[in-house]
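Input: a single structure, listed below in structure tokens.
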Amino acid sequence: MSSTTAGQVIRCKAAVAWEAGKPLVIEEVEVAPPQAMEVRLKILFTSLCHTDVYFWEAKLPHPSPS
């Protein structure tokens, strides 16, 4: 399947958690083209699982990505 975005940076919306326990923020983010042995999928529908919510609510200590 060919796409007009193949090999290009794309912009899409994402729910971003800047800090545990704070509201999610819907932001536009840039996604780089896939590298060797990677694929980029178009996600049509999604949700949060209980584990996502558990960490987002800061129920367990965990390091933030740097």
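Each reported figure results from applying straightforward, stated rules to the coordinates on display, with no laboratory input. Everything numeric here is computed off the predicted structure, so don't read it as measured data. Using ideal geometry, Cβ is built from the backbone for each residue, glycine included, and neighbour counts are taken over all protein chains shown.
At-a-glance table
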| read-out | value |
| --- | --- |
| Cut-off 11 Å (backbone N to label point 7 Å along Cα→Cβ of Ala58), residues of the stretch 1-32 | 19-23 |
| For Cys12, Cys49, order by how many other beta-carbon atoms lie within 10 Å, fewest first | Cys49, Cys12 |
